[in-house]
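Q: Please read through the structure below; I'll follow up with questions.
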Amino acid sequence: VLLARRAPPEPAEATKEASEADWPHLGDEVSALFASGAGNWYDAVIAEVKGDGTFLVDWSDGDSRDRTKTREQIRRRGASEVGAQRVLEDMERYASVPSSDADCFCVCMEDPKPVNVLYSKSKGVIDEQGYVSSTVGDEIASFVLDRSCPLSPFAIGCFSGRGPAQEQGVATGWFLDLVATVHGPSGGKVKEVLKGIGGSDSTATKAIIDAAFNNIEETHSRLNGTFRTLSEITLVFTTSSSPSNVSLLPEARAVYGASSKVGDEIRALGFAEGKILVQGFTTKGPAHQAGVRSGWALDVGRTLALNKTLTDFPAAEAIQSEPSVMLKLIGVTLAFFQPDPTPKLRFLGMGTAGLSRWGSFALPGDAAEFEFSTDGDGTSTNTEQRWGIWALVLPLSVPAASSGDASGCTDEVTVIVEKAEGMTLGTNLDSSNRSSLFIKTMTAGLLEDWNKENPDKMVRVCDFIVQVGCIRDDVDKMLQLLGGSGTITLVVKRSPKPTCAKGHELRRMPGSFCCGICNQYTCEAAGCTECCFPLCVPCFSRPRESLPPVLPDLDAFERRYTETTQRAKGNRERPEVERESWDEQRLRALCARHGWDFEWMTEEGERRRRARERQGTWTLPRSPTSPTALAAAAAALTELAPAPAVAADHPDGAVPTPRETPRGEDLPPTAAGASAIAPLPV
């Protein structure tokens, strides 16, 4: 991972850093840590700068608690919670390790492997000569120093022999975790080796470690000297500059080549809320590949530092006044950051299906994360109650299926429902304002069915029922009519944003509360302290303006989509094709593979096959051509065949004796035996 470096301060920047030390001033708008709550940052204004170095703040929401803050509990508005100290020079322990302003890196493994290695006579490894490696130097020949890796500058250079480190998988190039070693079981011995580095006489562990990194060359010399003579010591080696998994900061650099123009990738840059934001992409290029997306901000200061060698690079004032000048640049390096890296909850739905809980909402930006969870259906038999969620994400430009207006476009909505005996509206009502009925929660019922059929006139939580039939301003009679049956006409007043039952505006309420809508406990709520009506952040931030459904029947679309997707995926296994029956082409191929002859079975063909089976050829063995031998052979042939054909010119006296045997008649046993086992007389 490339580490950010701070350029040497110019005179003007030095003045700016001096003024930063005097910040904040009276009247400055800041973000302050509200310690009595969940430890979150909220907007405030500096009301007083006290002599003891603390500050008195006025909370923007009017809260009168926890107003005295220290400097560490105040930061500029918009600053990330992880702080602005993100460059190597701000890390005092490691700032002096690099030898220049060259690029520095740290190795961050996805699975760091720290290994504790004990060098001891009782745990040593015996080599071929029977020598036991008990000291560090018996195994490690040298440690190397890499100034470009300041967080872990010491690594194993080479080995001098076998030892416990290699027995545990440690190899050349592994880092020596000096900090973990000092804090380990052998920290006392290591501190004795490092004591006095840089002229420091402190015995504190932190001071010794800081001195070791601030005097890196001297530390390297001691590691290759006295340190290698130590025995009965435990060292910590690792493959990563961090002992645990790291979280990458939401920052990125885009390096454009000598012929690459920024405007060829980024469509537009705009100025909003004091930041230069990416407003869209024309194509995917270096910035998009680095992780930059719409809504990311250009880090002007770091961009200027990265391109300080370019003489025609625009000044900061020009970039702030006209961000589009950046789109004309070629061969530059741009630095971006995510202005709001903390994910925000845009929607939270729970309960049974219905448009009041699971409506269509517009999400800002071009990326979102969905998380689905369940606590079970409470039963193992009622499978219909088992949860299932299906989300369809479409561009906002897709036209809606309904031509009606989105909910929230009118102040009041007329709702007509048919209520039979035993049916309910599916609402939890609050009549504390005595003039209307406040909808606190909604469950399955008539209003839920109404929302499904009338997405442009939806009734939702935090709306007010101001009229039932012809009754207004009398909640008792309104409740009485709602308890009856028949046709019920409601007039519902829409709430542009969540309020309490009395219509009070909801404010931040630090502390722990139970949400008045979803009944979930929360450490950060917005509500009405007078009416004690808190809302959790998801319920408070849930969009009040629900879009009409994009599709008239989402369930039917989901079924078609699932079926089409499964067919499109197909069978990814290797196909095996087989014919339904044997045919001549396949049979001929099979015979050709095994060297067989192919012929269809017919009556004439079967007759010829049987005849060939019964037809044989007999060959006499070689023998001397003496008259006596020839006479004996002739006598033997006479016994085998009544009318042999003799080839007078055959050199070996071989006589072919084919003969046909009538069907069903076998060869004589004597003939078969003579040809198989009986040798001819010589």
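Q: If I take R0 = 45 Å and measure r between the Cβ atoms of LEU310 and ASP58 in this structure, what FRET efficiency does the formula 1/(1 + (r/R0)^6) give, to the nearest 0.05?
A: Values: r = 45 Å, r/R0 = 1.00.
After rounding, the FRET efficiency stands at 0.50.
Q: If the only charges are +1 at each Lys and Arg Cβ and -1 at each Asp and Glu Cβ, what is the size of the charge dipole of region 139-281 around the Cα centre, to the nearest 20 debye?
A: Roughly 80 debye, rounded to the nearest 20.
Q: What percent does the relative contact order of region 124-267 come to when contacts are Cα pairs within less than 8 Å and at least six residues apart?
A: That works out to 23 percent.
Q: Quick one: what Rg and Dmax do you get for region 159-261 from the alpha carbons, in Å?
A: 18.3, 61
Q: Here's something else I'd like to know. How high is the relative contact order of region 428-495, in percent, with contacts defined as C-alpha pairs under 8 Å that are six or more residues apart?
A: 32
Q: At a Cα cut-off below 25 Å, give the lysines reachable from LYS493, other chains included and same-chain residues fewer than 8 away excluded.
A: Qualifying lysines at Cα under 25 Å: LYS419, LYS440, LYS452, LYS457, LYS477, LYS502.
Q: What does the accessible area per residue of region 105-257 come to in Å², with a 1.4 Å probe and no ligands, DNA or RNA counted?
A: With the other protein chains kept in place, region 105-257 gives 47 Å² per residue.
Q: Let me check something: with ligands and nucleic acids excluded, how do CYS106, CYS158, CYS470 order by accessible area (1.4 Å probe), largest to smallest?
A: From most accessible down to least: CYS470, CYS158, CYS106.
Q: How much of the accessible area of region 185-242, in percent, comes from carbon and sulfur atoms when a 1.4 Å probe is used?
A: Here carbon and sulfur together make up 49 percent of the probe-accessible area.
Q: For HIS220, HIS183, write out the residues from largest to smallest accessible area, computed with a 1.4 angstrom probe and no ligands counted.
A: Result, largest first: HIS183, HIS220.
Q: Under a cut-off of 30 Å between alpha-carbon atoms, report the lysines in cross-link reach of LYS69, not counting same-chain residues fewer than 8 places apart.
A: Hits, sequence-local ones excluded: LYS16, LYS50, LYS206, LYS275, LYS344.
Q: Relative to the Cα centre, what is the charge dipole magnitude of region 230-313, using +1 at the beta carbon of each Lys and Arg, -1 at the beta carbon of each Asp and Glu, and rounding to the nearest 20 debye? Mind dumping the intermediate values first?
A: On the way: 8 positive and 7 negative charges, 56 e Å.
Computed charge dipole of region 230-313: roughly 280 debye.
Q: Calculate the length of the line joining the C-alpha centroid of region 285-330 to that of region 159-213, in whole Å.
A: 43
Q: Here's a follow-up. What is the Cα radius of gyration of region 423-473 over 2.2 N^0.38 Å, N being its residue count?
A: The value comes to 1.13.
Q: Under the rule a/c < 1.5 gives rounded, and otherwise a/b versus b/c splits prolate from oblate, where does region 199-346 land using the Cα gyration tensor?
A: Because a/c hits 1.5 or more and a/b exceeds b/c, region 199-346 counts as prolate.
Q: Further question on the same structure: Under the rule a/c < 1.5 gives rounded, and otherwise a/b versus b/c splits prolate from oblate, where does region 199-259 land using the Cα gyration tensor?
A: prolate
Q: What are the semi-axes of the equivalent ellipsoid for region 240-321, taken as the square roots of 5 times the Cα gyration tensor eigenvalues, largest first, in whole Å? Intermediate results must be reported in sequence, preceding the final value.
A: Numbers: eigenvalues 108, 54, 47 Å².
Over the Cα atoms of region 240-321, the semi-axes work out to 23, 16, 15 Å.
Q: Run the reach check for LYS261 against lysines, Cα to Cα strictly under 19 Å, same-chain hits fewer than 8 apart removed. What comes back?
A: Those lysines meeting the cut-off are LYS284, LYS308, LYS328.
The values are calculated or read from the model by the stated rules, or taken from the named source; none is laboratory data. Keep in mind it's a predicted model, so treat the numbers as computed, not measured. Please note: Cβ atoms are built from the backbone with ideal geometry, for glycine as well, and neighbour counts cover all protein chains shown. For the accessible areas, the whole protein counts, side chains as well, though only heavy atoms, and no ligand, DNA or RNA atoms are used. Shrake-Rupley method; radii C 1.70, N 1.55, O 1.52, S 1.80 Å.
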